[in-house]
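*Asks:* Mind having a look at this structure? Questions to follow.
The values are calculated or read from the model by the stated rules, or taken from the named source; none is laboratory data. Keep in mind that this is a model prediction, so the values were computed, not measured. Positions of Cβ are generated from backbone atoms using ideal geometry, with glycine treated the same way; all protein chains shown enter the neighbour counts. Heads up: the accessible areas ignore ligands, DNA and RNA and are worked out on the full protein's heavy atoms, side chains in. Shrake-Rupley method; radii C 1.70, N 1.55, O 1.52, S 1.80 Å.
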Amino acid sequence: MDGSAPPRRPSVEEAAEEAARRRRRIRNWVLLASLLALAALFYGIAVVRMAANHQLPHFR
Amino acid sequence: MRGMIASAGVDRAGAAIPADVAAPAVPSVLAELNDWITLLKPRVLLLVVFTGLVGLLVAPGHPDPFLAAVAVLAIAMAAGASGAINMWYDRDIDALMRRTSGRPVPGGRIGAEAALSFGVVLAIASVLLMLLAANALAAALLAVSILFYVFVYTVWLKRRTPQNIVIGGAAGAFPALIGWTAVTDSVGALPVLLFAIVFLWTPPHFWSLSLFAHEDYRRAGVPMLPVVAGLRETRRQIFLYTLALVPVSLLPTALGLAGFVYGASALLLGLGFTWYAIEVLRDPEDSFGTSLSRNAPAKAAFRFSIYYLFLLFAALAADRLLG
């Protein structure tokens, strides 16, 4: 018994806010992953097309 | 958000219940992911992707496998985009229909603006990808298919005429044509026939569904054929469109564009579809045309119509790969 108050439990509003924040964070990560995937696709398309157009020996 | 509100509790006096006392406060990420996937109409998407893939496989030429995969991905993204925009626009009538009231937008789990943004971004990305991976013609056809589904079917026809799915069905007929065009950069006789097959398949497929979901459409004020012309006339139209579909499905073999495997499959599947259509026509009904069998034949015909299209296109792909 050190006399200090027990840790306060989060209210419903706080829990909801935390959940919403967590969802936003996950959405942002998903968005980032989607953008990176799209960039990778563009990159892949460019490489394949260049290989086809210029007949690079490596891709023959 | 719905899960969150439901799980973290508030007692009758409005006082907050500690989150660890109430049910789990954090909504499932998987549930939200599932909602975003639902927005893409995954079951429709599967059929669209499959017909697009077959269009690509049967086209003459040897596309780079990576570019071909990107082209199929672009078709999938375009189909998903069309579905998402459709769910955004139809959120008012979706909320009134039992079959669709649980969708993410009318269910309040995804905001209308978010659904629209998702659809538009996907649509633009799909056309861009097709342009880069295939050619301008395939990208243009992909854009036309999205615009057709959104503006001609969803916005213009769906709430105005019982011919909505007849004309609007063209949107679903594009993928095979687009798959072919992605390889050849041209439009040939076979993809036009594939377009015609899906076009003629759509009315019996969709009207079979509308026979057992017509109360939903009536409630929402959507003038589907059973609501406007009656159940008896809808059964007749299903039969007539099936009769028109069968000979068209045989044309690829008759014109020498496909071989025996496809021709025999098309004949057998066509006979099967016709049998189901006759069963729908012979469904016992009361004086108002209401089914006395709880629309069992219509439900069976609807299920078979999905298998029909899958198997018909699979037979065409097998025919080309074996030949």
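*Asks:* Might you work out the accessible area of B:TRP88 for me, using a 1.4 Å probe with all protein chains in place, and round it to the nearest 10 Å²?
*Replies:* Estimated to the nearest 10 Å², B:TRP88 gives 70 Å².
*Asks:* Can you tell me the Rg and the Dmax, both Å, for the Cα atoms in chain B?
*Replies:* Both quantities, over Cα of chain B: 21.8, 77 Å.
*Asks:* Something else about it: Pick out which of B:PHE273, B:PHE288, B:PHE199 has the largest mean-square fluctuation in a Gaussian network model of chain B, springs linking Cα atoms closer than 10 Å.
*Replies:* Result: B:PHE288 has the largest fluctuation of those listed.
*Asks:* Right, another one. About the Cα centre, and with charges only on the beta carbon of Lys, Arg (+1) and Asp, Glu (-1), how big is the dipole of the stretch B:37-137? Nearest 20 debye, please.
*Replies:* 360 debye
*Asks:* Report the charge-dipole magnitude of the stretch B:188-323 in Debye, nearest 20, computed about the Cα centre from +1 at each Lys and Arg Cβ and -1 at each Asp and Glu Cβ.
*Replies:* Dipole of the stretch B:188-323, to the nearest 20 debye: 80 debye.
*Asks:* Next question, about the same structure. Which whole-number percentage describes the relative contact order of chain B, with Cα contacts under 8 Å and a sequence gap of 6 or more?
*Replies:* 17 percent
*Asks:* How high is the relative contact order of the stretch B:30-186? Use alpha-carbon pairs under 8 Å, at least six apart in sequence, and give a whole percent.
*Replies:* 35 percent.
*Asks:* Hey, if you drop one equal point scatterer on each alpha-carbon of the protein assembly as shown and run the Debye formula without solvent, what base-10 log of I(q)/I(0) do you get at q = 0.08 Å⁻¹?
*Replies:* So the normalised log intensities work out to -0.52.
*Asks:* For chain B, which DSSP H helices look membrane-span-like by this rule: Cα extent along the axis of 20 Å or more and mean Kyte-Doolittle of at least 1.6?
*Replies:* Length and hydropathy pass: B:42-58, B:112-133.
*Asks:* Taking the alpha-carbon centroid of each part, what is the distance from the stretch B:24-81 to the stretch B:89-113 in angstrom?
*Replies:* The stretch B:24-81 and the stretch B:89-113 have Cα centres spaced 22 Å from each other.
*Asks:* So what is the 222 nm mean residue ellipticity for chain B from helices alone, if each DSSP H run of at least 4 adds -39500 (n - 2.57) and you divide by all residues, rounding to the nearest 500 deg cm²/dmol?
*Replies:* After summing the helix terms and dividing by residue count, I get -23500 deg cm²/dmol.
*Asks:* Non-local amide H neighbours of B:GLU285 (under 5 Å, H modeled in plane, Pro and chain starts lacking H): which ones?
*Replies:* Amide H neighbours of B:GLU285: B:LEU292.
*Asks:* Interface A/B, total buried accessible area with a 1.4 Å probe, nearest 100 Å²?
*Replies:* Counting both chains, the buried surface is close to 2000 Å².
*Asks:* Have a look at B:PHE288, B:ALA301, B:VAL120 and report the one farthest towards the positive end of the charge dipole of chain B, computed about the Cα centre with Cβ charges (Lys/Arg +1, Asp/Glu -1).
*Replies:* After comparing all options, I get B:PHE288.
*Asks:* Let me ask something else about it. Taking N as the number of residues in the stretch B:174-323, what is its alpha-carbon radius of gyration divided by 2.2 N^0.38 Å?
*Replies:* That works out to 1.15 for the stretch B:174-323.
*Asks:* Something else now. Taking θ as phi - 60°, what are the ³J(HN,Hα) couplings along the stretch A:11-19 by the Karplus curve (6.51, -1.76, 1.60), each to the nearest whole Hz, with x for Gly and Pro?
*Replies:* Here the 3J(HN,Hα) series is 6, 4, 4, 5, 5, 5, 5, 5, 5 Hz.
*Asks:* What number comes out for accessible area per residue over the protein assembly as shown if the probe is 1.4 Å? Units Å², please.
*Replies:* 51 Å²
*Asks:* What average number of partner chain Cβ atoms lie no more than 10 Å from the Cβ of the residues making up A:40-51?
*Replies:* 4
*Asks:* What whole-number distance in Å separates the alpha-carbon centres of the stretch A:10-29 and the stretch B:244-311?
*Replies:* With the stretch A:10-29 and the stretch B:244-311 each reduced to a Cα centre, they are spaced 51 Å.
*Asks:* If amide hydrogens are placed 1.01 Å from N in the peptide plane, which non-local residues have theirs closer than 5 Å to the one on B:ALA258?
*Replies:* B:THR253
*Asks:* Moving on to the next point. Could you give the size of the charge dipole of the protein assembly as shown about its Cα centre, using +1 on the Cβ of each K and R and -1 on the Cβ of each D and E, expressed in debye and rounded to the nearest 20?
*Replies:* Taking the Cα centre of the protein assembly as shown as origin, the dipole is about 180 debye.
*Asks:* Just the projected area, averaged over all directions, of the convex hull on the alpha carbon atoms of the stretch B:116-187: how many nm²?
*Replies:* 4.8 nm²
*Asks:* Continuing with the same structure: Output the relative contact order of the stretch B:81-139, whole-number percent, from Cα pairs under 8 angstrom with separation of 6+ residues.
*Replies:* RCO, the stretch B:81-139: 35 percent.
*Asks:* For B:MET97, B:MET77, what's the largest-to-smallest order of accessible area, 1.4 Å probe?
*Replies:* Per-residue accessible area, sorted high to low, gives B:MET77, B:MET97.
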